[in-house]
Amino acid sequence: MVLWMVMSAALMAGPQTAAAPQAAGEPRAQAEQLARSGEYRAALERFQALAAANPDDLDARLWIARLHGWMGDDQRAVDVYLSILTANPAHVEALVGAGDALIRLGRGKEAAALLSRAETAAPDSAAVLTAQGRLHAAAGHPDLAVAYYERALTIDPAAAAAREELQALQRERAHRVELGYFFEHFNADTTDPQAGFGSVNIRVNEQFRLSGTVQHERKFSQSETRGGAGMEWRSGPSIRVRAGVLFGGDAQVLPKSDGYGGIDYQRGRATWSFDLRFAEFQDANVQIGGAGLALVLTRQTHAWVKYYRFATDYEADSSDVVQSWVLGVSGRPDPRWLLGVEYTHGPDHLEMLTVDELGPFDANTYSIFTDFLLTPMFSTDLRYDYQDRPEGARMHRATLRLVHRF
C-alpha cells in the first residue's frame, strides 16, 4: 500500500516538473513570435511585463530596446540599451544596438565610441563590422564603409544586412544611365502626348557629380527637344547642393530655358529640402520656390511633404500665383521592391513642366509608383498618375524608367 502511494506520487510529480519550464517559457516565446510577425506593440507589452517581473532579465530588456527601434523611437531604444550596458558594459548586442540607434539619430560621435568598444570586445563579429560599415557610410567615409562590409562578408558570407547595405552603397556611388518614356491620355479632344528622356550621371569624386539630360516631347501636335547639364555637390554627409539648366531653343510647349537649384539638409531621420526654379516660356516666365520635409518613419517606410509657390508673369497680362502641395508615403515590402503613393495639388511633373500647367492650374493628381531592383545595379521604375484638371478635364499618365549603374 505504501509502495503504491509512493509510485503514484512520483508519477504525478514527474509531468508537473517537466511542464513547469514549458509554462515559464510560453510568455517569452509568444512575445518573440509577436515581434517577428510585426505585432511590435503587443510584443513590447509582453517583454515589458517580463522585465518588470525580473529586472535582471537582460534578454527581455534587449528585446524592448529592439522593438523601440523598430517602431521608430530611437531615443527610447538608446535609453534601454544604455541601461543594459550599465549592468553589463561588455554586452556586444547592446553596444551595437545603441550604436545603430545613435546613427539614425545623427549622433555619430556617440555611436562611434560605442561601436569601437564593440569591435574591441568582438573584432570578428560580422554584426559589429556591419554596424561599423553603417557608421562610416553615414559619416561620409564610403571607402572605409566598403572595407568594413567586405570584412563582415568574409567572416560570414550569409550576412544579409552587410550584403544589402554594401550593394546599396555601391549603387549610390555608381555612375548612372537613365532612360524613360511616358504616355498621357486626356478625356478631351487632345492629341495623346508622349515623351522620351535620358540622362547620364557621372561621379567625379565622393563629393561631386555631373549629369547631362536630353528630353523629347510630342504634345499639341508639336515636337520639341531640349537638353542641358547639372551638378551635385556634397558638403559632408548632411548637406547636398543641386543645380542645373535645360535649354529648349524656340520651344512653345516646353520652356525655352529652365534653371533649377536646391539644397538638402539631413539630420537624423529628417531631410529638409529647399528648391528654386526659373522657367522661361514663349509668352510667360515662371518662378517656383519650394520647401519639403522627408521623414524615415521606420527602417522600411518613408513619408514626405512638399510645398511650392508658382508665380507666373505674362507679357501682356497680370501675374498669377498658385500654391501647390505634395504628400507621399512609400515602403519596402521586400528589400528589392519599393511601393508608394503620392498626392499633388497644383502643377506636377516639374521636371517636364509644360505651358498648359501655367496660371491658375488647380489640379489634383493621385499617383502610385513602384521600383523593382532586378539586379544589384539595375532597376526599373513604374508610375501611374491620374489627374483631375479644371473644367472637367481628366488625364492618365504612365511612366517607365530604366536605371543602369556601373
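Only residues that are surrounded by fewer than 18 Cβ atoms within 10 Å (Cβ to Cβ), in a helix (DSSP H, G or I) and not small (G, A, S) were counted across the stretch 154-166, and they come to 3. With respect to F183, determine if the residue is free of Cβ contacts under 8 Å to residues at least 60 places away in the same chain and aromatic (F, W, Y). Taking the combined requirement at face value, the residue does not satisfy it. Just one of the listed residues (V322, V305, V296, V355) is among the β-branched types (V, I, T) and at pLDDT 95 or above, and it is V305. A101 fails exactly one of the following numbered conditions: (1) surrounded by fewer than 22 Cβ atoms within 10 Å (Cβ to Cβ); (2) free of Cβ contacts under 8 Å to residues at least 60 places away in the same chain; (3) in contact with an Asp or Glu (Cβ under 6 Å, 6 or more places away or on another chain). What is the number of that condition? Result: A101 passes all but (1). None of L95, L144 is buried (at least 20 other Cβ atoms within 10 Å of the Cβ), in the same structural domain as L166 (by TED's automatic domain parsing) and without any contact (Cβ under 8 Å) to a residue 40 or more places away in the chain except L95.
Within the stretch 349-386, being out of contact with any Gly (no Cβ under 7 Å at 6 or more places or on another chain), of a type in the set (A, V, I, L, M) and part of a loop (DSSP other than H, G, I, E, B) holds for L353, L358, M377. For Q207, the criteria (1) modelled with pLDDT under 95; (2) of a type in the set (S, T, N, Q); (3) crowded, with 18+ Cβ neighbours inside 10 Å hold in every case but one, which is (3). How many of the residues making up the stretch 272-301 are touching a residue at least 40 places away in the same chain (Cβ under 8 Å) and farther than 19 Å from V241 by Cα? Qualifying residue count, the stretch 272-301: 9.
The values are calculated or read from the model by the stated rules, or taken from the named source; none is laboratory data. Note that the coordinates shown come from a computational prediction; the quantities given were computed from them, not determined experimentally. Backbone-built Cβ (ideal geometry, glycine too); neighbour counts: all protein chains shown.
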